[in-house]
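Please treat every number below as a calculation from the coordinates, not as lab data. Bear in mind that the values here come from a model prediction, so they are computed numbers and not experimental data. Ideal geometry is used to build each Cβ from the backbone, glycine not excepted, and the neighbour counts take in all protein chains shown.
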Amino acid sequence: MRKKPLVYSLFFQGGILLLLFILQFFLPTYHHSSVSKIMVLASYAVAYNFLLGYTGLMSLGHAMFFAAGMYAAGLGIYYLELSALGGLLFGAGFTLVLSLIFGLFALRTSGVSFLIVTLMFGQTFYLSILYFNEFTFGQDDFEISRI
């Protein structure tokens, strides 16, 4: 009987994300932007809740995967001239490969060691973005033409 609250919780969280997704098509521009930001942060919170709440693994490099997906999607659209859907799929695929590679190392540890390894991977990704500034634009903005 313990699984029902988990199922209801996941359906509730998924329902809220679905509602926000549908609302963005009917709201004015300002609210559309706000709902988009809320959706990104809500999906981040749901993923972190799953990681910490249900598996007990506290990660300090969790944001790296969101940044990797966004950077890969943006750079795929910018350099490879992908469509919006192509950029989204490229970003998701890149993040999947990155998570598989990092997961091979990080999931062999637990406790404080897991925290240190995830922090190390997060900082490695961050410094790689800054080091390859000519290609990734580092912390500078770059514009993608409206698709």
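Things worth noting here:
- Kirkwood Rh in Å, taken over segment 99-147 so that all alpha-carbon pairs contribute: 12.7 Å
- Overall, the chain carries a charge dipole of about 820 debye about its Cα centre when +1 sits on the Cβ of Lys and Arg and -1 on the Cβ of Asp and Glu, all other atoms neutral.
- With θ taken as phi - 60° and the Karplus curve 6.51 cos²θ - 1.76 cosθ + 1.60 applied, the whole-hertz 3J(HN,Hα) list for segment 98-109 is 4, 5, 5, 5, 5, x, 4, 8, 5, 6, 7, 10 Hz, x standing for glycine and proline.
- 3J(HN,Hα) along segment 127-144: 5, 5, 4, 6, 5, 8, 4, 5, 8, 9, 6, x, 8, 6, 7, 9, 9, 10 Hz, from the Karplus curve 6.51 cos²θ - 1.76 cosθ + 1.60 with θ = phi - 60°, whole Hz, x for Gly and Pro.
- Shown here for segment 44-147: chymotrypsin sites (Phe, Trp or Tyr not before Pro) in loop regions (DSSP other than H, G, I, E, B) with at most 12 other Cβ atoms within 10 Å, namely PHE132, PHE142.
- Which of VAL35, VAL46, VAL7, VAL40 has the fewest Cβ neighbours within 10 Å, and the rest in rising order: VAL7, VAL40, VAL46, VAL35
- Nonlocal amide H pairs with LEU60, under 5 Å, H built at 1.01 Å: THR118, LEU119
- Whole-number percent relative contact order across the chain, with pairs defined as alpha carbons under 8 Å at least 6 apart: 20 percent
- Reference-scaled alpha-carbon Rg (2.2 N^0.38 Å with N residues) for segment 28-84: 1.42
- 3J(HN,Hα) couplings calculated from phi for segment 8-13 with the Karplus curve 6.51 cos²θ - 1.76 cosθ + 1.60 (θ = phi - 60°) are, in sequence order, 5, 5, 5, 5, 5, 5 Hz; Gly and Pro show x.
- Estimated translational D of the chain in µm²/s (Stokes, Kirkwood radius over Cα pairs; 10 °C; 1.306 mPa s): 92 µm²/s
- Length-normalised contact order of segment 71-147 in % [C-alpha pairs under 8 Å, at least 6 apart]: 27 percent
- Three principal axis lengths of segment 1-56 [C-alpha, angstrom, descending]: 43, 20, 8
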